[in-house]
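In what follows, a single structure is set out as structure tokens and then discussed.
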Amino acid sequence: MVWGKKKLAKRGRPKKLTIVKNTITKVELIGYDQKEVDFMRLIAYDIPQDRTRTRVHRLLKGYLYPVQYSVFEGELSPERLEEAMVNIRELINENEDSVRVYSICSSCIQRTKIYGIGNLYVDEGYHIL
């Protein structure tokens, strides 16, 4: 199943993003007012089966932003995280697959360094209803 725009909107994908520009030594949050980001998450997975891996990837695109094929980041409340993990647990084989969830504090976001291409995405709080 391919996630269409309507499906993504129902899952609460942000309408507007702040793109973070980076240098080797510093990440500067553009248009970001230093408020605390309480629920920044990084989710990574290692899933050997192509079909399961594709389904998990499509599912996570409804919650977070892909920064690599098997790594997603963004703001996610505890409730939405639990919803995502319930859906992921239905898809994966816990004896073969690995899904890791990292919670990132607001001070850690400020110290994030990105080398090479890529952006850090911070939700400005606007959502499509």
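With both labels modelled 7 Å from their Cα along Cα-to-Cβ, the residue 69 to residue 105 distance reads 3.5 nm. Given R0 = 22 Å, the distance between the Cβ atoms of residue 94 and residue 61 translates into a calculated FRET efficiency of 0.50. Contact order for segment 35-109, expressed relative to its length and based on alpha carbon pairs under 8 Å spaced 6+ residues apart, stands at 51 percent. Both numbers refer to the Cα atoms of segment 45-87; Rg and Dmax are 10.3, 29 Å.
Computed from the coordinates by the stated procedures, all read-outs in this text should not be read as laboratory data. On a predicted model such as this, the values are computed, not experimentally measured, just so you know. Counting neighbours? That spans all protein chains shown, and the Cβs are built from the backbone with ideal geometry, glycine included.
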